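Working notes, beginning with the structure itself.
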Amino acid sequence: MRRLYLSHKIIVTGIFILAVSYGFAQTASTPIQQKIDDWQTAPGLLNSSTGLAITDTKTGEELFKSVPQLSLVPASIMKVVTTATALEVFGPDFRFITTLSYSGFVRNDTLIGDLQVIGGGDPTLGSKYFPETGKFLDDWTAAVKDLNIKAIKGNIILDATIYESQMIPNTWIWEDIGNYFGAGASGISVFDNLYEIHLSSEPVAERPTKIVKIVPEIPDLELINEVQSSYVNSDQAYVFGSPDENKRIVRGTIPRNKSDFVVKASMPNPSALLASEFRKKLAASNITVLGSSKFEKVNTKDHQSLLLSALQSPSLREIIKVTNHESVNLFAEHLLKHMAFQQYGLGTTKDGCKFVIQFWKNKGLDLNGFFMSDGSGLSRFNALTASQMVEILNYMKTKSAYASDFYQSFAPVGSGTMTVFKSYNFPNQSLRAKSGSMTRVRCYAGYLTTKSGRELSFSVMLNNFSCSQIEAINEVEALLIELRKL
């Protein structure tokens, strides 16, 4: 998921030829053929690159396919690849575990040792998508109180070393990485790795705004506000800042005459925030921490650790449903890094991509022209063909032991990322899909049940169109409406 901006145009010249496998009667396929033919002359799509693949999931019959199959930027439908792989690798009942432990010993009411938070790569800790995880700090504080501890003579150690220290993939762009959709994956992630900047604006346009508050309070954050009021009634503010640095600049505009307008941004260091929030909870329960907060690997060789809590995440089944329904970049990046951790012992973006590619090659897929640089699709360095996407969809539908869980992770029309399509065109959840969008990119992948009961796997990919996003959406919806008539 990425906020769209449409101020620039890139013209890419190419030839689009359609090859049709006539699995249906000529009269049935003609309207579909005509829709696709129209794209070649439509002013907004004339110079775009287009990828299309549609197959019958039961028979494997290839019904429509663009020729040649171009490697195109998938945007967020890359999450389909990541979640499919993670489901196959871990299974739907897998859960991430975050542990709270302590070293040393308790004497009277004092812990002579450290509190230790050991991250297990859980992306859902305190997440708004899983409200049931929101009380974990209360639970941790209660676990400390149960030992009758009133003072901790040591430190709070936060161990996020299950993943690489670099949270942000190399190929994400400057405009994305400071904003909420550019939150990177860490061995310890909390509150979706985002914070809110609350701004107020004057009744007239082109005036400076004021910061009302920041929620939650980010330790040592230096925030420079250059946002102005505007007659444009939408969020046009972006947060800029380097990974691992606490200096941030917020630029752009917000609507005029707002008393509390929220701009969401990505955290520079979720471990530091968690340490700060945990200290506040302990202090509110009259538990004093005398030491500092340290961010390092817990030393288990020289010191024995005693378990206080083993906090489990929601099931992977639930996590991938949110990932695909709501297009949560952070969750997808966690899944990618965790596959690398399981395979290689350290969760890195590079090794996660390497693992995913090899996984599908081992399944017999031809991945020539498949390029993967992250798990969420936010990178423009990603590229794949529509046929490769459909092959993965078909595999998950016909060969996976978790076909139902995967299918349910796609949003039906009217929910999640599929709210733009009109529900009356696809009744009874006949269309379940994942959308992907960024500037000049609009892609879809998923499953469609026709009126005759035929189940189709499809992928439609549009790159570098010059029309508006809503016009591109309408073109794809019109095509899928015709397909449903088959």
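The values are calculated or read from the model by the stated rules, or taken from the named source; none is laboratory data. On a predicted model such as this, the values are computed, not experimentally measured, just so you know. As a convention, Cβ positions derive from the backbone with ideal geometry for all residues, glycine included, and neighbour counts pool all protein chains shown.
Structural remarks
- Selection of the stretch 76-95 for residues being among the aromatic types (F, W, Y) and either buried (at least 24 other Cβ atoms within 10 Å of the Cβ) or assigned to a helix (DSSP H, G or I) (or both) yields only F90.
- Selected residue [over 18 Å from L137 (Cα atoms) and either of a type in the set (G, A, S) or part of a strand (DSSP E or B) (or both)] from K301, K264: K264
- Residue pairs meeting the criteria (Cβ under 7 Å; at least 6 apart or on separate chains; first among the aromatic types (F, W, Y), in the stretch 67-91; second part of a helix (DSSP H, G or I)): F90/L316
- When the criteria are applied in full, T385 fails the requirement of being more than 17 Å from L87 (Cβ to Cβ), modelled with pLDDT of 95 or more, touching a Pro at 6+ places or on another chain (Cβ under 6 Å) and of a type in the set (S, T, Y).
- Failed criterion for P314 (all others in (1) in a loop (DSSP other than H, G, I, E, B); (2) within 30 Å of A433 (Cα to Cα); (3) more than 19 Å from the chain's Cα centre (by Cα) hold): (3)
- Candidate set: the stretch 396-422, residues that are free of Cβ contacts under 8 Å to residues at least 60 places away in the same chain and not in a loop (DSSP other than H, G, I, E, B); chosen: the one surrounded by the fewest Cβ atoms within 10 Å (Cβ to Cβ): S404
- Unique match (being assigned to a loop (DSSP other than H, G, I, E, B) and polar (S, T, N, Q)) among S271, S309, S379, S276: S379
- Condition check for S276: touching a Pro at 6+ places or on another chain (Cβ under 7 Å) and among the hydroxyl-bearing types (S, T, Y): yes
- Qualifying strands (runs of 3 or more DSSP E) (wholly inside the stretch 106-169; at least 3 residues being at pLDDT 95 or above and surrounded by 21 or more Cβ atoms within 10 Å (Cβ to Cβ)): 115-118, 156-159
- Filter pass, E245 being acidic (D, E), surrounded by fewer than 15 Cβ atoms within 10 Å (Cβ to Cβ) and modelled with pLDDT of 95 or more: no
- G134 being out of contact with any His (no Cβ under 6 Å at 6 or more places or on another chain) and either of a type in the set (A, V, I, L, M, F, W, C) or closer than 30 Å to D351 by Cβ (or both): no
- Of residues in the stretch 423-439 being over 21 Å from the mean Cα position of the chain (by Cα) and more than 23 Å from L316 (Cβ to Cβ), the one surrounded by the most Cβ atoms within 10 Å (Cβ to Cβ): L431
- Matching entry among R440, R432, R380 (being in the same structural domain as T83 (by TED's automatic domain parsing), within 20 Å of T50 (Cβ to Cβ) and in contact with a Phe, Trp or Tyr (Cβ under 7 Å, 6 or more places away or on another chain)): R440
- Hey, L316 in contact with a Phe, Trp or Tyr (Cβ under 6 Å, 6 or more places away or on another chain), over 27 Å from G126 (Cβ atoms) and surrounded by 18 or more Cβ atoms within 10 Å (Cβ to Cβ) or not: no
- For the stretch 172-208, residues that are of a type in the set (A, V, I, L, M), touching a helix residue (DSSP H, G or I) at 6+ places or on another chain (Cβ under 6 Å) and either within 18 Å of S313 (Cα to Cα) or not in a loop (DSSP other than H, G, I, E, B) (or both) total 4.
- Number of residues in the stretch 430-445 that are touching a residue at least 60 places away in the same chain (Cβ under 8 Å) and either small (G, A, S) or farther than 15 Å from T417 by Cβ (or both) equals 6.
- Checking every residue in the stretch 258-277 against the condition of being buried (at least 19 other Cβ atoms within 10 Å of the Cβ), of a type in the set (V, I, T) and more than 27 Å from Q166 (Cα to Cα) gives zero matches.
- Within the stretch 40-92, the residues that satisfy the criterion of being on the phi < 0 side of the Ramachandran plot, at pLDDT 95 or above and out of contact with any strand residue (DSSP E or B) (no Cβ under 8 Å at 6 or more places or on another chain) are T82, T83, A84, T85, A86, L87, E88, V89, F90, P92.
- Residues in the stretch 423-440 that are in a helix (DSSP H, G or I) and farther than 24 Å from T59 by Cβ: S423, Y424, N425, P427.
- Conditions (1) polar (S, T, N, Q); (2) over 30 Å from I319 (Cα atoms); (3) touching a Pro at 6+ places or on another chain (Cβ under 7 Å); number of the one not met by S103: (3)
- Residue check for L486: more than 15 Å from V73 (Cβ to Cβ) and not acidic (D, E): yes
- Pair list, Cβ < 6 Å and 6+ apart or interchain, from the stretch 339-350 residues that are surrounded by fewer than 15 Cβ atoms within 10 Å (Cβ to Cβ) to residues that are among the charged types (D, E, K, R): Y344/D351
- Qualifying positions in the stretch 209-231 - within 12 Å of V263 (Cβ to Cβ) and outside any strand (DSSP E or B): T209
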